[in-house]
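Structure first, then comments.
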6 protein chains.
Amino acid sequence: MWRYEKRLEFPINIKKRDPRMASVILTQYGGPDSELSAALRYLNQRYNMPDERGKALLTDIGTEELAHVEMICTMLSQLTKGATIEELKAAGMDKQYSQRGMDLFPTDSFGNPFTAAYFGAVGDPLADISENMAAEQKARAVYENLIDLATDDDVIQPLLWLREREIVHFQMFKQLWDHYKKLDLK
Amino acid sequence: MWRYEKRLEFPINIKKRDPRMASVILTQYGGPDSELSAALRYLNQRYNMPDERGKALLTDIGTEELAHVEMICTMLSQLTKGATIEELKAAGMDKQYSQRGMDLFPTDSFGNPFTAAYFGAVGDPLADISENMAAEQKARAVYENLIDLATDDDVIQPLLWLREREIVHFQMFKQLWDHYKKLDLK
Amino acid sequence: MWRYEKRLEFPINIKKRDPRMASVILTQYGGPDSELSAALRYLNQRYNMPDERGKALLTDIGTEELAHVEMICTMLSQLTKGATIEELKAAGMDKQYSQRGMDLFPTDSFGNPFTAAYFGAVGDPLADISENMAAEQKARAVYENLIDLATDDDVIQPLLWLREREIVHFQMFKQLWDHYKKLDLK
Amino acid sequence: MWRYEKRLEFPINIKKRDPRMASVILTQYGGPDSELSAALRYLNQRYNMPDERGKALLTDIGTEELAHVEMICTMLSQLTKGATIEELKAAGMDKQYSQRGMDLFPTDSFGNPFTAAYFGAVGDPLADISENMAAEQKARAVYENLIDLATDDDVIQPLLWLREREIVHFQMFKQLWDHYKKLDLK
Amino acid sequence: MWRYEKRLEFPINIKKRDPRMASVILTQYGGPDSELSAALRYLNQRYNMPDERGKALLTDIGTEELAHVEMICTMLSQLTKGATIEELKAAGMDKQYSQRGMDLFPTDSFGNPFTAAYFGAVGDPLADISENMAAEQKARAVYENLIDLATDDDVIQPLLWLREREIVHFQMFKQLWDHYKKLDLK
Amino acid sequence: MWRYEKRLEFPINIKKRDPRMASVILTQYGGPDSELSAALRYLNQRYNMPDERGKALLTDIGTEELAHVEMICTMLSQLTKGATIEELKAAGMDKQYSQRGMDLFPTDSFGNPFTAAYFGAVGDPLADISENMAAEQKARAVYENLIDLATDDDVIQPLLWLREREIVHFQMFKQLWDHYKKLDLK
């Protein structure tokens, strides 16, 4: 089980409203390579890892990804808070407003609801971990795409930090892969 | 952010393998009225609640639902652990095995991957909370369906406990609804 | 079975073309809290209601929701009728045109095709009706979002009327819920 | 708008419970070539037909398809009414029961929720009507598949009658196609 | 099996970047009536055709549709190649960029990932082929919609050519339908 | 473009009907880690590879995966050819028959229609190729799951051969990854 601690893993403090930037960062909330996708993927896979080391690593990284979901949600919330109808229309967010008002919702940038079809689990630790390594690479690339689109340093800093975590996680999964490879599982 | 605590909210100790029972409990992992659906619904809605009381309640219940996801996963894991190919075939779980081996995966009982289309958020606290009240009622009913299908007391006890939590959460959401109703939001 | 009567439940007479407004009202045709979602939800649930009163109410409201689908379609049709390619591009509706020409289609505002995953049925009258009460609340909130986005009184009047119907239906479902609660079903 | 008339278009009177037969007839409730798919397809397309003849025909057939949805639901209801947990398990319907109890739900035979992705509308009367002609052919074929699987005459008679209606509708759409072809639309 | 031949079935040589035009042509890559939908539909159906003539025709047209997928991808690639972030934003393609960078992806114009729910197969040659005839009509109509939206002759010429192929394929499927009709299958 | 060559990449000659085995092999036709998923993934990604080597490799492997789709379809076809209604019922394939007759269809083992959500493309060659490496690992694992379920050597031999190709492709993608890593792209 989890205990909630009322603080963000990395501070978010965006002072300039920018609903259009929110509409692209959205993909890291509920898109294919999102933090939500990562969290659920790792927390799902842990039950079938062959040793405690694997179970623990997946639990730890999965738990951290939940904190990243929270960071992304906070960014989305700050980027849109207090926006007027006119600002939302100008940012092309009237579609979002019509359906959700000012609520958040886990979709990709196009508005596709999050689906577990974005991730996998095939019952083989090496294959599952190779999916995780790929997931971290893809999330890193998406953060780079977002940084290309961003102009505000308050937005760029957390994106850079999140990108960095993807690289760290990739390394950790690589080590676990090497560990299981040596054990000659299957 | 969250801290992981290595214990279950309620103990699961299923001694008798029963893959077919796993194949129906699965709906509470990744189905429409699942614990995962509940967790993501509440953790998503909290950003737009009008006061701290609402934000806190949604965070608390959302966090507890994550613990329920973990309980359900543990049940699925214990019900299938060590099953032979023949046992899986007899339980109609060869489809599951072909695609996921012995891994878990968040689908409903029919194998539909979890989708965020199962829940909503419309930007109105009263409407959002009424969705939550309905969600708790529906989850309660699904637990009753599962209890009808179960025969092992080790399975029934945690299902009864989870059903009970749905009723408690329903009451808590009802109180929040009454609180916001009085504030005459919108 | 149903008899078609060639008139709208409430008159629609929009004189000013506004494809962009159509692109948001669309969510009430094929979105999560749409009239279509409501109609199918109620007409589906009626088969398992425990008495004639429940069956009749769900049939009546379900049938009225079909009339609301027709009203929404008429609004969409009038808001786009005769639009030029340039007007459609200016309204961001070239995507719609590329795929459907001037035809309608039941999607949400983002273009997600309608799915039955938006509604539920769990085999328990109290839970099913609580879903219906929530659905009416959510549809009410979506109409309020749309009214916020609308500027033409010819559009606002039917939206206000439809919003009003949601409140009436909520009350009717509330009474049915109280009735079944007293019967102590399950 | 529509008026509900409390009678079926064709009588359904199934005296022998058969949950497994229900689990395949289900595809005509919420599957790709289902009555629901047909009803929504025609009622959607009518707004952009080029003359009154087309609009009227689509409205009439769309309305009749709603009556067919009702017939299918009645069959599903009679085939499962009063089934015990053991009968449901024997028929492989414990998955259905876990998630929906004894409620109906518009899915295909595999449990995929109905989606509007099953039908189309491209803004061209000839193309739209050719889709309708194909839809009627496909529904006819599905009824033939179901009749192959059925053994009870109370089930076979309504399936035969519904199959017959598909052939009649195909002819009506063919005549409309010929009519529009002569008008040299586009 | 297939051999790749490094040339396009029809030359594509678009000299003027136009990301917005790409965002609508996209529907013919991964949308409901796309070339991908056509290719998979025909290559899937061929296994159950009652004679060699049917199997061969479906294989041939299915293989040609793969070449059309390649033409569409080449158009998308040329229309976006080298676009700056500013050009992408102006074209409303920042959503696409956030998630895919400059990669292609098979979605419809709205960003819905391609799904096999767009096509059918019911086990009856006449019904399957009537679906194919409808598919060709619908694809023709979508090309006409796209031509309405296009302004550059380098874009229009391949669209006109692809539209022409739909008409030819429709005729070929019509002849196969007549052939099977005479054989009185089923 | 592609030329069809009327032979399988590896011979399939299954003499013993086994519809239930077909119902699990199905996942390699239209499931998450299917041959279809692989073919579309690679043929999609090739447009944005930074050099001819990458484009050529993705085209070659993508084309080979199309041949694997054909092998899988041939297996499915031979495993079910001529099955009686009773055999299909005994194998739990009456659901399949109700909806598709004896036609094939690209779904996973559970009947979920194939979706492009199963694969990705993020605009970064290293990330895209890491996804491909993971895909090959996952497909290998699924073939191992299927071999665990298979009992007929006519089925096992092609599965073993296909499994082998996944390992070869993994190596080829690994070399391309190393090549791009050295170029220090991004």
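Report, in whole Å, the centroid distance computed from the Cα atoms of the stretch A:90-162 and the stretch D:31-100.
37 Å
Have a look at the stretch E:144-159 and report residues whose accessible surface goes down by 30 Å² or more when the remaining protein chains are included, against the chain on its own, probe 1.4 Å, ligands and DNA/RNA excluded.
E:Glu144, E:Asn145, E:Asp148, E:Leu149
For chain E, what mean projected area does the convex hull of the alpha carbons give, in nm²?
Result: a mean projected hull area of 10.7 nm².
Enter the buried accessible area of the B/A pair, total of both sides, probe 1.4 Å, in Å² rounded to the nearest 100.
Summed over both sides, the interface buries about 3900 Å².
Could you work out the local net charge near F:His169, counting Lys and Arg as +1, Asp and Glu as -1, over the other residues with Cβ closer than 14 Å to its Cβ?
-4
Each residue of the stretch B:40-51 in order: what ³J(HN,Hα) in whole Hz does its phi give by Karplus 6.51 cos²θ - 1.76 cosθ + 1.60, θ = phi - 60°, with x for Gly and Pro?
5, 4, 6, 5, 6, 5, 4, 5, 10, 6, x, 8
Check which residues have an amide H placed less than 5 Å from D:Met49's amide H, if you skip close sequence neighbours.
none
With r defined as the distance between the Cβ atoms of B:Arg7 and C:Trp161 and R0 fixed at 56 Å, what FRET efficiency is calculated, to the nearest 0.05?
0.55
Just the accessible area per residue of the stretch A:2-106, please: how many Å² with a 1.4 Å probe?
32 Å²
For chain A, which whole-number percentage of the solvent-accessible area (1.4 Å probe, protein heavy atoms only) is attributable to carbon and sulfur atoms?
Ligands and nucleic acids excluded, carbon and sulfur reach 55 percent.
Looking only at other chains, what is the average number of their beta-carbon atoms within 10 angstrom of each beta-carbon in D:16-28?
Neighbouring Cβ atoms belonging to other protein chains average 2 per residue here.
Given an 8 Å cut-off on Cα distances and at least 6 residues of separation, report the relative contact order of the stretch E:1-67 as a percent.
27 percent
Accessible area per residue of the stretch C:129-170 at 1.4 Å probe, in Å²?
About 28 Å² of surface per residue is accessible.
Could you tell me which of the pairs D:Lys182/E:Lys16; C:Lys81/D:Lys138; E:Lys81/F:Lys174; A:Lys89/C:Lys138; C:Lys138/F:Lys138 are separated by over 30 angstrom between their Cα atoms in the structure shown?
From D:Lys182/E:Lys16; C:Lys81/D:Lys138; E:Lys81/F:Lys174; A:Lys89/C:Lys138; C:Lys138/F:Lys138, over 30 Å: D:Lys182/E:Lys16; C:Lys81/D:Lys138; C:Lys138/F:Lys138.
If a/c stays under 1.5 just call it rounded; otherwise compare a/b with b/c (prolate if a/b is bigger, oblate if not). Do that for the stretch B:1-108, with a ≥ b ≥ c from the square roots of the Cα gyration tensor eigenvalues.
Taking the square roots of the gyration eigenvalues as a ≥ b ≥ c, the stretch B:1-108 is prolate.
For chain F, what is the calculated [θ] at 222 nm in deg cm²/dmol (nearest 500), taking -39500 (n - 2.57) for each run of four or more DSSP H residues and dividing by its residue count?
Helices in chain F give a 222 nm mean residue ellipticity of -21000 deg cm²/dmol.
Across peptide A:125-136, what mean number of C-beta atoms from other chains lies inside 10 Å of a residue's C-beta?
6
So how strong a dipole does the stretch B:1-98 carry about its Cα centre when Lys and Arg Cβ are +1 and Asp and Glu Cβ are -1, to the nearest 20 debye?
Once rounded to the nearest 20, the dipole reads 280 debye.
In debye to the nearest 20, how big a dipole does the protein assembly as shown give about its Cα centre with +1 on each Lys and Arg Cβ and -1 on each Asp and Glu Cβ?
Magnitude of the dipole: close to 0 debye.
By the gyration tensor of its Cα atoms, with a ≥ b ≥ c the square roots of the eigenvalues, what is the shape of the protein assembly as shown: rounded for a/c under 1.5, prolate for a/b over b/c, or oblate?
Rounded, since a/c falls under 1.5.
The values are calculated or read from the model by the stated rules, or taken from the named source; none is laboratory data. What you see is a predicted model; the values in this text were computed from it and never measured. Every residue, glycine as well, gets a Cβ built from its backbone with ideal geometry; the counts of neighbours run over all protein chains shown. Surface accessibility is based on the protein's heavy atoms, side chains included, excluding ligands, DNA and RNA. Shrake-Rupley method; radii C 1.70, N 1.55, O 1.52, S 1.80 Å.
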